[in-house]
Amino acid sequence: MPLPKTTVAPDHDSAVTTQEAPSAPKVGFVSLGCPKNLVDSEVMMGMLAQAGAELIPRTEDADVIVVNTCSFIASAQQESVNAILEMAKQKAGGQNRKLIVAGCLVERFRDEIQKSIPEVDAVVGTGELDKILAAAGVASPPRVDSPFKILGARPEGDARAAQGRFSRESWDGAIADLPNYLYDEATPRILATPGYTAYIKIAEGCDHPCSFCIIPQLRGKFRSRRFESVIAEAERLARSGVREITLIGQDTTCYGEDFELKDGLAWLLERLAAVEGLRWIRFLYAYPNKITGRLLEAIAAHDNICSYIDVPLQHASSTVLKRMKRGGGSEIFLRSMEKMRRTIPDLTLRTSFIVGFPGETESEFEELCQFVREAEFDWMGAFGYSDQEGAGAFAAGQKLPAREIEQRRRHLMGIQRRISKKKKKALVGKEFDLLLEGSSEESDLLLEGRTPMQAPEIDGKVFVNDAPDGLQPRPGEFYRCQISEAHDYDLVAKIL
Ligand code: SF4
């Protein structure tokens, strides 16, 4: 999901030590898009800091600006272009020396960016993060290699490659080589998240054939990080004070398949659960038919693995799902959700849907609405279909008008709002662990935090309006709380 533009700066308690250099360029980052892109920004920041650059929070004061872009859907592309243009204007005004554009937009429009925005000095694609050093004009320090090498590819990836899934031939200026980069535990990385929470990218790329998506062409074939590499990074983060880990990848449930590890994610979660200091561990972006019984049991068996599953279903009508090249349908999904809820009784379920896919009839849309009513998700997002040149659905006929797509999206969200309100009301009076995050953006009089039911950034919040006399709640600490009020998506609680 595209997020608003964020100027990212290193967290003070970062696990990576920066070195000062007398002529260090000052580098400012603008990071757009999803947490996977944020991790790429953190890796580039780590490399730059290790090479002697100084990372600063304000792009106005930077010698070098890096805009790390998103190209997931049309609105994300537009947001990325706007950010580049804004920074180009700032540079043209004499405030900065260099402007570097990185990320997914580079994989898609490599030549066009440089041709049409002359202020851009260099581009860095998703598979060439280490080129950020040369682009910023800093010398590379000696490389420290991880002993844990990425191994191979999934047979599905090779088969899809043969079918042309990853082809970028029709994209003007795209380089032929697919991105193949994946950081490891030896790569310097500076957290841009608060010091108590961090994402870990456990895999990169995707082999699935979803016909609305160009991520495989932008990010390359699926490849996992080695088991030991992820554990080593998690242990280092925990030692530096991180208490919450969120595992990410385009599809985390394929983890380990490229080195023939069956139920790799379940094994990984179980091993992470034993890392001292980690209170909440969760993963995002599960693929529906990859949620195995073994994975559910691993979640149910460990207190520090959050009872939380994020499974983007994209649609519920089997005919739409077939055209999306995904498979599944209402009945299969309901049965699988019933199994998830039976195995993990306190489960929080999140999903997202694409509304207005080409040819979506009124009855197919109604099937989706009915499914949402029955499924009663705890959290749900809905995106309007966005046409992507290079995606399978781009050439499809029967495109729906943008107004119709938006109306359907709002209608679906209206159904979910009522479900969410009912579910949140049922939580009043119940007790949960709360990770306090600081003062609320809504009001200085409130604090805010999250329970295990809420992943960072994407789900609702818990506002705290009461705490025992004499208690000074501190961000990054866990407290027992009781829910006292419920809104459509957010909750109000008192610390006990
Ligand atoms: S699973 Fe489908 S939607 Fe998700 S990144 Fe892969 S191709 Fe795109």
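Values in this text are rule-based calculations from the coordinates and carry no lab data. Not measured: the values here are computed from a predicted model. Quick reminder, even Gly has a Cβ in these numbers, built from the backbone with ideal geometry, and neighbours come from all protein chains shown.
Between Ile117 and Glu389, what's the calculated FRET efficiency when r is the beta-carbon distance and R0 is 25 Å? Round to 0.05.
0.80
Restricting to DSSP loop positions (anything but H, G, I, E, B) with no more than 10 other Cβ atoms inside 10 Å of their own Cβ, which trypsin sites (Lys or Arg not before Pro) remain in region 85-148?
Listed in order of number, the matching sites are Arg143.
How long are the three semi-axes of the equivalent ellipsoid of region 324-446, in whole Å, if each is the root of 5 times an eigenvalue of the C-alpha gyration tensor, listed from largest down?
Ellipsoid half-lengths, sorted descending, are 32, 20, 14 Å.
Using only Cα atoms, locate the centre of region 62-112 and the centre of region 119-191, then give the distance between them in Å, rounded to an integer.
19 Å
Taking 0.36 nm per residue of separation and subtracting the Cα-Cα distance, what length does fully extending Ser170 through Lys430 add?
Length gained between Ser170 and Lys430: 88.1 nm.
If the only charges are +1 at each Lys and Arg Cβ and -1 at each Asp and Glu Cβ, what is the size of the charge dipole of the chain around the Cα centre, to the nearest 20 debye?
880 debye
Setting aside same-chain residues fewer than 8 positions from Lys91, which lysines have a Cα under 16 Å from its Cα?
Leaving aside lysines fewer than 8 places away in the same chain, those within reach of Lys91 are Lys26.
What list do you get for Tyr255, Tyr285 if you sort them by fewest beta carbons within 10 Å?
Listed from fewest to most nearby Cβ atoms, that is Tyr285, Tyr255.
Taking 0.36 nm per intervening residue step and subtracting the Cα-Cα distance, what contour gain separates Glu457 from Arg342 on full extension?
Additional length available on full extension: 38.7 nm.
Once the cut-off is 24 Å, how many percent of the Cα-Cα pairs in region 252-410 end up in the long-distance tail?
Cα-Cα pairs of region 252-410 separated by over 24 Å account for 41 percent.
Taking +1 at the Cβ of each Lys and Arg and -1 at the Cβ of each Asp and Glu, which of Cys481, Met453, Pro25 sits farthest along the dipole of the chain towards its positive end, judged by Cα position relative to the Cα centre?
Toward the positive end, the furthest listed residue is Met453.
Given R₀ = 30 Å, FRET efficiency for Arg143-Glu276 by Cβ-Cβ distance, to 0.05?
0.50
Suppose R0 equals 45 Å. What FRET efficiency, 1/(1 + (r/R0)^6) with r the Cβ-Cβ distance, do Arg236 and Ser484 give to the nearest 0.05?
Plugging the Cβ-Cβ distance into 1/(1 + (r/R0)^6) gives 0.75.
Within 10 Å of each residue's Cβ, count the other Cβ atoms and sort Glu364, Glu42, Glu485 from fewest upward.
Glu485, Glu364, Glu42
Across 20 Å bins from 0, what is the distribution of all Cα-Cα pair distances for the chain, in whole percents?
For the chain, the binned pair fractions read 22, 58, 20, 0 percent.
In square nanometres and to one decimal, what's the mean projected area of the convex hull around the Cα atoms of region 96-154?
With every direction weighted equally, the projected area is 5.9 nm².
Loop-only trypsin sites (Lys or Arg not before Pro) in region 299-371, please: DSSP not H, G, I, E or B, and at most 16 other Cβ atoms within 10 Å.
Answer in residue order: Lys325.
For region 207-276 and region 423-496, what is the separation of their Cα centres, given in Å?
Rounded to whole Å, the Cα centres lie 29 Å apart.
Let me understand region 173-245 better: what is its radius of gyration from the alpha carbons, and its Dmax, in angstrom?
Looking at region 173-245, its Cα Rg and Dmax stand at 14.9, 44 Å.
For the charge dipole of region 155-262, defined by +1 on Lys and Arg C-beta atoms and -1 on Asp and Glu C-beta atoms about the Cα centroid, which residue among Ile202, Leu237, Ile215 has the Cα displaced farthest towards the positive pole?
Final value for the positive-end residue is Leu237.
Provide the convex hull volume over Cα atoms per residue for region 204-276, in Å³.
Given the Cα convex hull of region 204-276, per-residue volume reads 96 Å³.
Among Leu105, Leu321, which comes first, second and so on when ranked by fewest other beta-carbon atoms within 10 Å?
Lowest count first: Leu321, Leu105.
Please compute the Cα-Cα pair-distance distribution of region 274-329 with 10 Å bins starting at 0, giving whole percents from short to long.
Per 10 Å bin, starting at zero, the Cα-Cα P(r) for region 274-329 comes out as 21, 40, 24, 12, 3 percent.
Could you please report the charge total around Lys422, scoring K, R as +1 and D, E as -1 over all other residues with beta-carbon less than 15 angstrom from its beta-carbon?
Net charge around Lys422: +2.
Among the Cys residues of the chain, which have no other cysteine Cβ under 4.7 angstrom away?
Lone cysteines by the Cβ rule: Cys34, Cys70, Cys104, Cys206, Cys254, Cys306, Cys369, Cys481.
May I ask for the percentage of alpha-carbon pairs in region 108-201 that lie more than 17 Å from each other?
That fraction is 69 percent.
Averaging the inverse of every distinct alpha carbon separation and then flipping it gives the Kirkwood radius. What is it for region 404-486, in angstrom units?
14.3 Å
Just from its helices, what would the mean residue ellipticity at 222 nm be for the chain, if runs of 4 or more DSSP H residues each count -39500 (n - 2.57) and the sum is divided by every residue, rounded to the nearest 500 deg cm²/dmol?
Helix-only estimate at 222 nm: -10000 deg cm²/dmol.
What lysines could a cross-link reach from Lys494, if we take a straight Cα to Cα line under 28 Å and drop same-chain neighbours fewer than 8 places away?
Candidates past the 8-residue exclusion: Lys421, Lys422, Lys423, Lys424, Lys425, Lys430, Lys461.
Dividing the alpha-carbon radius of gyration of region 152-193 by 2.2 N^0.38 Å (N being the number of residues), what value is obtained?
So region 152-193 has a normalised radius of gyration of 1.65.
Tell me the label-point distance for the pair Asp177, Ser439, using the 7 Å Cα-to-Cβ offset, in nm and rounded to one decimal.
4.9 nm
So, with +1 on the Cβ of K and R and -1 on the Cβ of D and E, and no other charges, what is the size of the charge dipole of region 262-336 about its Cα centre, to the nearest 20 debye?
Computed about the Cα centre, the dipole is about 480 debye.
Work out how far the C-alpha atoms of region 194-346 reach from end to end along every principal axis, then list the three figures in whole Å, largest first.
Principal-axis extents of the Cα atoms in region 194-346, largest first: 49, 37, 31 Å.
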